[in-house]
Amino acid sequence: MRILRKADWFDSDGFPVVIAREDPQSPLEMHTHEFSEIVIITGGSGVHVADGDQWVLSAGDVFVIGGDRPHHYVDTDHLRLINVLFDSDSLEMPLQDLATLPGYNTLFHLEPAARQRHQFESRLRISSADMHEVCRLVDCLENELKMRERGFRFIAMATFMQLVGHLSRCYGRTKNLDSQSLLQIAEVIGYIEKNYSKPISLDELVDISGLSRRSFSRVFESSMGCTPISHLIELRISRACELLKNTERSITEIAFDVGFNDSNYFARQFRKILNVSPSTYRQSAINPGGSIASVD
């Protein structure tokens with residue numbers, strides 16, 4: 001299977017975003033990439049093949065493809081699309097409160113995981129007005145990437161963030177029933193992101209989702225690959241890593257800061273997830289020669 005390499009698509013200066021227009025998109029062999037992409041269908045039609053299934057595409061469809069997911073296009077008829085390629089490993093995008101936006105979590109995380117189960121019915125479909133704004137942002141981003149004048153990194157990243165934010169808001173407005181079920185889970189994820197340092201129970205998350213306890217657990221695990229409580233613990237550990245690297249607060253204080261009420265339990269969970277103790281992580285993160293620098 002063909003693998004699209006970063007070195008063949010991204011500029012040598014390392015900027016982690018690229019615009020690739022296909023006008024038209026010809027039938028393409030099955031392939032994967034070393035990067036992810038936002039696919040925006042601007043015209044024509046075709047069939048997208050992925051995960052052993054086939055889905056018809058038309059203007060207004062927007063979806064995200066992870067790098068390791070084999071896919072290709074067939075039966076194309078004047079299919080036009082914009083690929084916004086991005087390297088997640090190098091994308092230092094400040095999320096701010098974006099992770100609390102249900103449309104963001106759904107578009108970039110939940111819908112790709114649920115695509116096969118929902119048979120692509122939960123994809124984002126944008127209006128002509130939203131398509132106009134999306135194309136405007138893409139044009140601005142593409143111009144910055146083409147000219148590469150001084151300050152282009154700042155402006156290009158800001159424009160990319162605008163594009164991601166706009167598409168996330170578009171998803172949040174969808175009335176599609178399949179999408180709505182994912183948005184309910186995304187509401188829970190956003191709540192966890194905002195309140196991770198506070199006591200959170202499974203019953204509380206079930207109430208927020210509006211689903212039955214059984215349905216909530218099933219949909220969450222199939223979408224996120226872990227239980228809601230495991231996701232909460234991983235988020236708390238991730239936030240603890242930031243504090244260990246960037247503050248001088250004690251490990252016990254940090255444990256309480258991120259929502260643990262027992263520093264020993266915090267240390268056990270930290271080691272379980274990262275295979276090192278909090279103190280070893282801090283030493284390695286501070287030491288430029290250390291082998292540990294971050295956690296996703």
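The values are calculated or read from the model by the stated rules, or taken from the named source; none is laboratory data. Predicted model only: the values in this text are computed from it and were never measured. Every residue, glycine among them, receives a Cβ derived from its backbone with ideal geometry; neighbour counts consider all protein chains shown. In case anyone asks, the SASA skips ligands and DNA or RNA and just uses the protein heavy atoms, side chains included. Shrake-Rupley method; radii C 1.70, N 1.55, O 1.52, S 1.80 Å.
Name every residue in region 161-206 that is closer than 29 Å to residue 139 by Cβ, surrounded by 14 or more Cβ atoms within 10 Å (Cβ to Cβ) and charged (D, E, K, R), in order of residue number.
If the condition is that a residue be closer than 29 Å to residue 139 by Cβ, surrounded by 14 or more Cβ atoms within 10 Å (Cβ to Cβ) and charged (D, E, K, R), then 169 is the only one that fits.
For residue 130, are the conditions met, namely being of a type in the set (Asp, Glu) and open to solvent by less than 40 Å² (accessible area, probe 1.4 Å)? Reasoning before the result, please.
Values: of a type in the set (Asp, Glu): yes; open to solvent by less than 40 Å² (accessible area, probe 1.4 Å): yes.
It is true that residue 130 is of a type in the set (Asp, Glu) and open to solvent by less than 40 Å² (accessible area, probe 1.4 Å).
Given the conditions (1) closer than 20 Å to residue 168 by Cα; (2) open to solvent by 10 Å² or more (accessible area, probe 1.4 Å), and given that residue 62 satisfies all but one, which numbered condition is not satisfied?
Failed condition: (2).
Given the condition open to solvent by 60 Å² or more (accessible area, probe 1.4 Å), touching a residue at least 24 places away in the same chain (Cβ under 8 Å) and within 20 Å of residue 169 (Cβ to Cβ), answer yes or no: does some residue in region 140-151 qualify?
No, region 140-151 contains no residue that is open to solvent by 60 Å² or more (accessible area, probe 1.4 Å), touching a residue at least 24 places away in the same chain (Cβ under 8 Å) and within 20 Å of residue 169 (Cβ to Cβ).
Filter region 1-30 down to residues that are open to solvent by 90 Å² or more (accessible area, probe 1.4 Å) and part of a strand (DSSP E or B), then give me how many there are.
Qualifying residue count for the region: 3.
Being assigned to a strand (DSSP E or B), open to solvent by less than 10 Å² (accessible area, probe 1.4 Å) and closer than 25 Å to residue 153 by Cα narrows it down to one of 107, 81, so name that one.
Values: 107 fails: assigned to a strand (DSSP E or B).
Among 107, 81, only 81 is assigned to a strand (DSSP E or B), open to solvent by less than 10 Å² (accessible area, probe 1.4 Å) and closer than 25 Å to residue 153 by Cα.
Tally up the residues in region 19-35 that are of a type outside the set (Gly, Ala, Ser) and within 25 Å of residue 137 (Cα to Cα), please.
Within region 19-35, the subset of a type outside the set (Gly, Ala, Ser) is 19, 21-25, 27-35.
Then drop every residue that is not within 25 Å of residue 137 (Cα to Cα), which leaves 19, 21-25, 33-35.
Qualifying residue count for the region: 9.
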